[in-house]
Every structure is written in C-alpha cells, then in structure tokens.
Amino acid sequence: LVEEAKYQFLLHIKYLQDKVTGLWYHGWTFDCRHNFAGVFWARGNSWYTAGAVEFFDIVNEPGDAAMRMVVSAWQDQVLALSKYQGIRGLFNTIVDMEESYYETSATANIAYGMLKGIRLGLLDESYRESAERAAAAVIAKIGEDGMVGGVSYGTGMGKTVQFYKDIAIAPTAYGQGLAFMMLTELI
C-alpha cells in the first residue's frame, strides 16, 4: 500500500504540479488532456502542502527515490506559495490572483504543512515567519463561538476562473478540522 501511495503521489506531481511556478492545478482530465480552468486553487494546493509532509512522516524513508521526488515537489510548491501570501497572512482562493477572496481553510492547511515541514527538517527556519503569519491570520478568523470564518464551500472541478471566484463562503467541518491541525502543530 505504501508503494501504491508513492505511485499516486508521483502521478499527482506529473499531472497537477505546474513545472514553471511549482503551484498545483485543481484537476486534470484524461479525456481532454488539460487542467480544466488552469487555476491554482488554494485549498487544492494546501492538500499537497499538508499531505506530503504527513506522508513523509508516516513513511519515514527519506532516502527513497519516490519520497525524494515528493519532498522536492513539495519544497518547490512551498517556495512558490510563500511568494503569493497576502500581506495579512492569508492566501487568495486562487493563489496567484489577488482579486479573488482570501480563504481561511487553505491558509490553515498551508501553515500546518509549513510548520510541520520546519519541524521535520524539510524546510529551513526562513519559512517560519510566513507560516506563523498564516497561523495568526487563521486564528484571527476564529469566532467567539469557535467557528472558523472565511472558508470556501466544497468545490467541484471548475471550468472557468469565475467559477472559483464565486464559490460561496460557509462554515464547514473541513475548515474546522484544518484549523485544528494547524493549532496542534503550533502547540
């Protein structure tokens, strides 16, 4: 199962990671052979930011060729993400489009992945400021009732950029869960 998981990570890198920016597209279609709207959706990116370090931690085979590729792709992605972080610490729902709204669950997941990557020695300390700024921005979005605000609703595959700009903001279980993961890593 671990070997199959490595294969799945490599397939995702092949079809979803942009070779120029290091960012991740939301999806790929084998029927038409394209990345749908060609959007670097923040929460989609964040799943890799968090998932790759989780997988690295679970597998714990740093010398393995597939794991080296997973980590290298992750490091490229984190470097790219850090260039697009908003001034207040949040990431836009379309990472490279400032006119799209800020999204909290993606920011929490990215902060989690960066913080855990620093702890595991996959990133150097120069990323800590960015990760902590993201975490502070997420914490500021937690209401008195504990609800995490600014989370975009579940997102199917979009065929246009506008589709992503129009995703409704609503309380979600994954928004809560990703904030919990981030807070746990901060502890």
Quick test for you: out of Arg43, Arg68, pick the one residue that is farther than 24 Å from Glu125 by Cβ, of a type in the set (Lys, Arg) and either open to solvent by 80 Å² or more (accessible area, probe 1.4 Å) or part of a helix (DSSP H, G or I) (or both). Arg43
Considering region 80-107, residues that are among the hydrophobic types (A, V, I, L, M, F, W, C) and more than 18 Å from Arg119 (Cβ to Cβ), and then whichever is surrounded by the fewest Cβ atoms within 10 Å (Cβ to Cβ), we arrive at Ile87
Being over 26 Å from Val59 (Cβ atoms) and assigned to a helix (DSSP H, G or I) is the filter here; which residues of region 81-106 pass it? Lys83, Tyr84, Thr104
Single condition Gly63 does not satisfy, out of (1) assigned to a loop (DSSP other than H, G, I, E, B); (2) under 20 Å from Ser105 (Cβ atoms); (3) of a type in the set (Gly, Ala, Ser): (2)
Checking Arg33 against (1) basic (Lys, Arg); (2) over 25 Å from Phe163 (Cβ atoms); (3) open to solvent by 70 Å² or more (accessible area, probe 1.4 Å), the condition it does not meet: (2)
Among residues belonging to region 13-30 that are among the β-branched types (Val, Ile, Thr) and in a loop (DSSP other than H, G, I, E, B), point out the one that is most open to solvent (accessible area, probe 1.4 Å). Val20
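The values are calculated or read from the model by the stated rules, or taken from the named source; none is laboratory data. Computed from a predicted structure; not experimentally measured. Note: ideal-geometry Cβ built from the backbone for every residue, glycine included; neighbour counts use all protein chains shown. Each accessible area value is taken on the protein alone, full model and side chains, heavy atoms only, with ligands, DNA and RNA left out. Shrake-Rupley method; radii C 1.70, N 1.55, O 1.52, S 1.80 Å.
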